[in-house]
Amino acid sequence: MSDLEDIAREMGAGEAWEEANGSPWLRPEGLDVRRMAQVMLAHDARFVTITARAESEDEPAAMRLSYHWDLEGRLLTIETRIAEGGMASIRETCPAADWIEREIHDCFAVEFQGARPEPLLLRPGQSPGVFRGEDE
C-alpha cells in the first residue's frame, strides 16, 4: 500500500492520519483540494464521493467537506473546513466530482470555484441551500 504519510506530505497537509470509523482520516485546515486530487490520482486512488456537514449544531453555516477516496481497496477520508467564499472545485482534475459538487451546491449552498453553474436538483426559481433552511 502507498505510504499514507508520504501522501499527506505531498498534499502539504502537515497533519498525521488517524484511524476513525474503521479507516484512515486526515483533517488538515486550509487544504488545497486541487493539489489533494492531483496527489491522490497520482497514487492511483479512485475518487468515491464528497460529503458535507455542518461543523456544529450551534454554527450550521460553518461547513466541512469530507473527500472520500479508495486507495488499493481501503477507504481514505480527507476532511477540511470550507474556506471563506467557498471551495475550489476538483472537477478539472477529477471529472467524477462534477455531479457531487453540483449536488452539494444545491443542497448546502457551497460555492465551488471553477464548477459548472447549472443546478442539478433545484427546480426553476429555487435557491441553493435547501438542506440549510435557506430556501423558503
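Any read-out appearing in this document is the output of simple, stated calculations on the displayed coordinates, not a laboratory observation. Model, not experiment: these values are computed from the prediction. All Cβ positions, even for glycine, are placed from backbone atoms using ideal geometry, and neighbour counts span all protein chains on display.
Between Q113 and E19, what is the label-to-label distance in nm when each label sits 7 Å out along the Cα-to-Cβ direction?
The answer from the label model is 3.8 nm.
Note down the net charge around R46, summing +1 for each Lys or Arg and -1 for each Asp or Glu among other residues with Cβ under 10 Å from its Cβ. Can you show the working numbers first?
Working: positive: none; negative: D44, D70, E72.
Residues close to R46 contribute a combined charge of -3.
Say R0 is 25 Å: what FRET efficiency, to the nearest 0.05, do D58 and F131 get from their beta-carbon distance?
On the way: r = 17 Å, r/R0 = 0.69.
FRET efficiency, D58 to F131: 0.90.
At a Förster radius of 35 Å, what calculated FRET efficiency corresponds to the Cβ-Cβ distance of R74 and W99, to the nearest 0.05?
Working: r = 23 Å, r/R0 = 0.67.
So, using R0 = 35 Å, E works out to roughly 0.90.
Determine, for S66, S89, the number of other Cβ atoms within 10 Å of each Cβ, and report the residues in order from fewest to most.
Numbers: S66 15, S89 22.
Least crowded to most crowded, the residues run S66, S89.
If the only charges are +1 at each Lys and Arg Cβ and -1 at each Asp and Glu Cβ, what is the size of the charge dipole of the chain around the Cα centre, to the nearest 20 debye?
For the chain, the charge dipole is close to 360 debye.
Hey, of [x] 1.03; [y] 0.98; [z] 1.49, which did the structure itself give for Rg/Rh (Cα atoms, Kirkwood Rh) when calculated?
[y]
What ranking do L65, L121 get, fewest neighbouring Cβ atoms within 10 angstrom at the top? List each step's numbers first, then the result.
On the way: L65 22, L121 12.
By the 10 Å Cβ count, ascending, the order reads L121, L65.
What residue among H43, H68, H105 shows peak mean-square fluctuation when the chain is described by a Gaussian network model with Cα springs under 10 Å?
H43
Over the chain, with a Gaussian network built from C-alpha contacts below 10 Å, which listed residue (R53, R34, R74) shows the highest mean-square fluctuation?
Result for the chain, Cα springs under 10 Å: R74 fluctuates most.
Just to be sure I understand: of the beta bridges DSSP finds with both ends in the chain, what percent are antiparallel, rounded to 5?
85
Working out 0.36 nm times the residue gap between R81 and R123, then minus their Cα-Cα distance, what length gain in nm do you get to one decimal? All intermediate terms of the calculation are to be shown ahead of the outcome.
Values: separation 42, 0.36 × 42 = 15.12 nm, distance 2.82 nm.
Roughly 12.3 nm would be gained on extension.
Note the full-extension length gain between E10 and T51 as 0.36 nm times their separation in residues minus their Cα-Cα distance, in nm to one decimal.
Values: separation 41, 0.36 × 41 = 14.76 nm, distance 2.29 nm.
Net length gain for the segment: 12.5 nm.
Below 8 Å between Cα atoms, with a sequence gap of 6+, how large is the relative contact order for segment 4-93 in percent? Kindly include the intermediate steps, with their values, before the conclusion.
Values: 143 pairs, mean separation 24.8, N = 90.
Contact order relative to length: 28 percent.
Looking only at G12, G22, G125, which one moves most when the chain is put into a Gaussian network model with springs between Cα atoms under 10 Å?
G125
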